[in-house]
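Would you mind keeping the following structure in view while I ask a few things?
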Amino acid sequence: MTAINEKPTMEITEYISDCSSLHEVFDAGRNSDSSSTKSIEAGEEQELTAMLVHRRYQTFENDLIEGESEDFNMDAGFRPWLSAAAGFGAQFCSFGYMNMSGVFQAYYTANQLSDLSDTTVSWIFSIQSFVFAMGGLLFGRVSAMYGPRKVAFGGCVLLTVGSIATAFAHEYYQFILCQGVCMGIGSSCIFFSTTYGITTWFYARRGIAFGVAAAGSAVGGMVLPIVFTAVLNATNSFILTSLVASAILFVVSALVAMISSARCKPTGVQKFEFVKSCLLPYKDPIYAIFVFALFLGNLGVHGPFAFMSSNAIATGFSPSQAFYLVTYTNLGSFFGRLFFGFLGDCLDQITSFMTASLFAAITVIPFWYLSTGYVWIILVAVMYGFFSGGFLATYPAAIAQISPPSEIGSRVGASSLLAAFGALGSAPIAGAILDATSDYGRMKIFICLMLAACAVFTSISSLKYRGVRLRIG
């Protein structure tokens, strides 16, 4: 191996202790001693990475204070994967609960909110998704300033309070405040705090780490609908059913808060500059095109979660059969999130995201569009869960891939702004098409077009990222 630098290893490890990208370490090695080397080959970078990753690892007990974690390894050891486990639990509580929107949509329109249209009821879950996504502008930065553990504890409280309040809600505005706003903020707190922690602990294995964390969404989406349906059938009480769900959310989110951590020291209070953090990243055309693709994908991807159960009921299936479709969807999502996270590490994250978007569109048209029997609908639910899970799991890592290391956090947060509006409009637009035409087929066409358009614009962003010049005409 060509000599990189005569600096002691300790200086290098101290250099990356502030959570700088490994690429900055490689660049520092290049520039510090030009007489010893002019470039570092890919294999040599891997050797240096291994040297930095596999140095002596301190135990978890030696770092109970979050602010003293800068000496810990990236990508290897107990603490990084504990952070990934916290992300798993966070997504169990956040996305896992939000993925039940189809169950709540079907139940509310048949019971408490039976006098309202599907579109009106769907605004509850769209507002929840919007508030959740908008939180990315705030809670990632707050986690960096004060540490993810404090933010996650706040999310635990809001999730539990919102879920208990939902149990006793009767009016439409009460569901919006409790389930849409309060639980949306709580989910955002717990998700973005643990996501920040994962980005500080992982570099080379970031894709699979995000995949492991995202699998929690699928597990929550499988477990919570089964519990909801079983308790509701046994007690015939929505209040008791919601209280049981609240207890589960409290236990899991409290554990998440206790084990959440970041590799970096908290930075303390920092001034928030909206233009610099949220608008200037769009000067990069690669990033701007990708976020536009993400917006289009969010317009479509949430529709099946909200309307697959009601579509099955309209086709002639019982409510119990329809509610279990959410479980099948999340079963597929579990494997999809792991697979596309692994695929992103093997190929690249943006290609993994584009593939998931394209095949999610193909699942809607023709498979969901033409399916009639319950077995076929189950297969469609599993397939859509697999590919939509890959879509939702890989976009943060894809943004990290196309962003400068120092701007990853701000760019992920800035993307949440536009993605939030896509999530806000997804179910209401699909519901409006359904109300206007009474035809699930046209709604499915809209969802397919949005996901296909997402794949197209992602491919354009990917080509520009690779330096391919695109000419029209």
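Name the single residue, out of those in segment 215-250 being over 17 Å from residue 164 (Cβ atoms) and over 24 Å from the mean Cα position of the chain (by Cα), that is most open to solvent (accessible area, probe 1.4 Å).
Filtering segment 215-250 down to residues over 17 Å from residue 164 (Cβ atoms) leaves 215-223, 225-226, 229-230, 233-234, 236.
Add one more test, that the residue is over 24 Å from the mean Cα position of the chain (by Cα), and what stays is 229-230, 233-234, 236.
Details: 229: 4, 230: 51, 233: 103, 234: 87, 236: 136 Å².
Only one residue fits best here, namely 236.
Go through segment 356-397 and give me each residue that's closer than 21 Å to residue 453 by Cβ and open to solvent by 40 Å² or more (accessible area, probe 1.4 Å).
Result: 358, 359, 362, 365, 366, 367, 369, 383, 386.
If you scan segment 396-409, which residues turn out to be over 16 Å from residue 338 (Cβ atoms) and in a helix (DSSP H, G or I)? Lay out the reasoning, then the answer.
Filtering segment 396-409 down to residues over 16 Å from residue 338 (Cβ atoms) leaves 398-409.
Matches in segment 396-409: 398, 399, 400, 401, 405, 406, 407, 408, 409.
Residue check: is residue 237 modelled with pLDDT of 90 or more and either within 29 Å of residue 88 (Cβ to Cβ) or touching a Ser or Thr at 6+ places or on another chain (Cβ under 7 Å) (or both)? Give the derivation first.
Details: modelled with pLDDT of 90 or more: yes; either within 29 Å of residue 88 (Cβ to Cβ) or touching a Ser or Thr at 6+ places or on another chain (Cβ under 7 Å) (or both): no.
Taking the combined requirement at face value, the residue does not satisfy it.
Also: Test residue 101 against the criterion of being within 15 Å of residue 224 (Cα to Cα), at pLDDT below 90 and in contact with a helix residue (DSSP H, G or I) (Cβ under 7 Å, 6 or more places away or on another chain), and give yes or no.
On the way: within 15 Å of residue 224 (Cα to Cα): yes; at pLDDT below 90: yes; in contact with a helix residue (DSSP H, G or I) (Cβ under 7 Å, 6 or more places away or on another chain): yes.
In short, yes.
So the check is Cβ under 9 Å with 6+ separation or different chains; which pairs have a first residue in segment 427-445 that's open to solvent by less than 10 Å² (accessible area, probe 1.4 Å) and at pLDDT 90 or above and a second one that's assigned to a loop (DSSP other than H, G, I, E, B) and among the small types (Gly, Ala, Ser)?
none
Let me ask you something else. Given the condition more than 22 Å from residue 259 (Cβ to Cβ), over 18 Å from the mean Cα position of the chain (by Cα) and surrounded by fewer than 24 Cβ atoms within 10 Å (Cβ to Cβ), answer yes or no: does some residue in segment 201-212 qualify?
There is at least one residue in segment 201-212 that is more than 22 Å from residue 259 (Cβ to Cβ), over 18 Å from the mean Cα position of the chain (by Cα) and surrounded by fewer than 24 Cβ atoms within 10 Å (Cβ to Cβ).
Quick one: in segment 369-399, which of the residues that are at pLDDT 85 or above and polar (S, T, N, Q) is nearest to residue 196 (Cα to Cα)?
394
Sort out which residues of segment 142-184 are open to solvent by 10 Å² or more (accessible area, probe 1.4 Å), touching a helix residue (DSSP H, G or I) at 6+ places or on another chain (Cβ under 9 Å) and closer than 23 Å to residue 107 by Cα, and write them in order of number.
Once the filter is applied, which keeps residues that are open to solvent by 10 Å² or more (accessible area, probe 1.4 Å), touching a helix residue (DSSP H, G or I) at 6+ places or on another chain (Cβ under 9 Å) and closer than 23 Å to residue 107 by Cα, segment 142-184 yields 160, 161, 164, 165, 168, 172, 174, 176, 177, 178, 181, 182.
Counting only residues that are under 14 Å from residue 126 (Cα atoms) and of a type in the set (S, T, N, Q), how many does segment 414-459 have?
Count: 1.
Kindly establish whether residue 139 is under 20 Å from residue 408 (Cα atoms) and open to solvent by less than 40 Å² (accessible area, probe 1.4 Å). Before you say what the answer is, go through the steps one by one.
Values: under 20 Å from residue 408 (Cα atoms): yes; open to solvent by less than 40 Å² (accessible area, probe 1.4 Å): yes.
Yes: the conditions hold for residue 139.
Of the residues 340, 272, 335, 353, which single one is at pLDDT 85 or above and open to solvent by 40 Å² or more (accessible area, probe 1.4 Å)?
Numbers: 340 fails: open to solvent by 40 Å² or more (accessible area, probe 1.4 Å); 272 fails: at pLDDT 85 or above; 353 fails: open to solvent by 40 Å² or more (accessible area, probe 1.4 Å).
Result of the check over 340, 272, 335, 353: 335.
The values are calculated or read from the model by the stated rules, or taken from the named source; none is laboratory data. The structure presented is a predicted model; accordingly, all values stated were derived computationally and were not measured. Neighbour counts are summed over all protein chains in view; Cβ atoms, including those assigned to glycine, are modelled from backbone coordinates with ideal geometry. Surface accessibility is based on the protein's heavy atoms, side chains included, excluding ligands, DNA and RNA. Shrake-Rupley method; radii C 1.70, N 1.55, O 1.52, S 1.80 Å.
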